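A.B. asks: Please find one structure pasted underneath; my questions will follow.
The values are calculated or read from the model by the stated rules, or taken from the named source; none is laboratory data. Bear in mind that the values here come from a model prediction, so they are computed numbers and not experimental data. No Cβ is skipped: glycine too gets one built from the backbone with ideal geometry, and neighbour counts run over all protein chains shown.
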């Protein structure tokens, strides 16, 4: 896919976002995160420098590290994939947000590494809204107690939640998952994120971002909708 197609895809996405925002009561802006798995650094830099889309997300730590030197000065990097504890030391201090915190064990390691580097790591708690065995994340009913547990970690700062909805054949079916996540987000924000100026609700991907925006997402994660279909190794 050439740069012109990327530009046109993003124009269409912004139009769709504005239409979806008109369906919800919240008027908060929606941040578009470019999911850049398999996307070469030069294409990422085109989106960042020429089009103004600086927010990117990498799924895999080795790929993130392979691109880091090329893109770090021009982009705001999030880790959006599962993070193993033995990879924590490779990403703390390099990413501005870890979007996939899914256990106290992982939080403890992020806290330990962050303290050793003298930083505080911002995280999103991943909620398994569909209760799928194949996915990580905290069960919806455990969200409250998990956020309470995070208070013990001085160098881990939760700033919101993330979810990945189950794949739905009918697009409108996404709404029920995103609506439920939004209600959890409101409750968690009131109880635990009251000192965060703009809590983050990261939900919605290429096939579901319009439904996510309509239900209150503040960040959407888009890969194929921007860069086209990709072959994953």
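A.B. asks: Applying the selection to the range 27-45, what residues are farther than 22 Å from residue 63 by Cβ and exposed (fewer than 14 other Cβ atoms within 10 Å of the Cβ)?
C.D. replies: Matches in the range 27-45: 27, 28, 29.
A.B. asks: Being free of Cβ contacts under 8 Å to residues at least 40 places away in the same chain and over 15 Å from the mean Cα position of the chain (by Cα) is the filter here; which residues of the range 48-60 pass it?
C.D. replies: Answer for the range 48-60, where residues must be free of Cβ contacts under 8 Å to residues at least 40 places away in the same chain and over 15 Å from the mean Cα position of the chain (by Cα): 48, 49, 52.
A.B. asks: Oh, and also: Filter the range 217-233 down to the residues that are modelled with pLDDT of 95 or more and assigned to a loop (DSSP other than H, G, I, E, B), then identify the one that is farthest from residue 125 (Cα to Cα).
C.D. replies: Here the answer is 223.
A.B. asks: Here is a further query. Looking at the structure I just gave you, is residue 92 under 19 Å from residue 220 (Cα atoms) and modelled with pLDDT of 95 or more?
C.D. replies: In short, no.
A.B. asks: Next up: When residue 185 is evaluated against the numbered criteria (1) assigned to a helix (DSSP H, G or I); (2) over 27 Å from residue 17 (Cα atoms); (3) in contact with a strand residue (DSSP E or B) (Cβ under 6 Å, 6 or more places away or on another chain), which criterion, by number, is the only one it fails?
C.D. replies: (2)
A.B. asks: Tally time: how many residues in the range 144-174 are under 18 Å from the mean Cα position of the chain (by Cα), more than 19 Å from residue 98 (Cβ to Cβ) and assigned to a helix (DSSP H, G or I)?
C.D. replies: Summing the residues that are under 18 Å from the mean Cα position of the chain (by Cα), more than 19 Å from residue 98 (Cβ to Cβ) and assigned to a helix (DSSP H, G or I) in the range 144-174 gives 1.
A.B. asks: Right, something else. Could you list all residues from the range 7-25 that are surrounded by 14 or more Cβ atoms within 10 Å (Cβ to Cβ) and more than 21 Å from residue 51 (Cα to Cα)?
C.D. replies: Matches in the range 7-25: 20, 21, 24.
A.B. asks: Still on this model: Consider residue 120 against the criteria (1) free of Cβ contacts under 8 Å to residues at least 40 places away in the same chain; (2) within 20 Å of residue 187 (Cβ to Cβ); (3) surrounded by 13 or more Cβ atoms within 10 Å (Cβ to Cβ): it satisfies all of them except one. Which criterion is unmet?
C.D. replies: Every condition holds for residue 120 apart from (2).
A.B. asks: Quick one: residue 93 ticks every box in (1) in contact with a helix residue (DSSP H, G or I) (Cβ under 6 Å, 6 or more places away or on another chain); (2) within 29 Å of residue 179 (Cα to Cα); (3) loosely packed, with under 15 Cβ neighbours inside 10 Å except a single one, so which number is it?
C.D. replies: (2)
A.B. asks: Follow-up. If residue 124 passes every condition in (1) assigned to a loop (DSSP other than H, G, I, E, B); (2) within 14 Å of the chain's Cα centre (by Cα) but one, which one does it miss?
C.D. replies: The failed condition is (1).
A.B. asks: In the list 109, 132, 126, 154, which residue meets the criterion of being out of contact with any strand residue (DSSP E or B) (no Cβ under 8 Å at 6 or more places or on another chain) and surrounded by 15 or more Cβ atoms within 10 Å (Cβ to Cβ)?
C.D. replies: On the way: 132 fails: surrounded by 15 or more Cβ atoms within 10 Å (Cβ to Cβ); 126 fails: out of contact with any strand residue (DSSP E or B) (no Cβ under 8 Å at 6 or more places or on another chain); 154 fails: surrounded by 15 or more Cβ atoms within 10 Å (Cβ to Cβ).
Of the residues listed, the single one that is out of contact with any strand residue (DSSP E or B) (no Cβ under 8 Å at 6 or more places or on another chain) and surrounded by 15 or more Cβ atoms within 10 Å (Cβ to Cβ) is 109.
A.B. asks: Does the range 130-138 include one or more residues that are farther than 24 Å from residue 10 by Cα and part of a helix (DSSP H, G or I)?
C.D. replies: no
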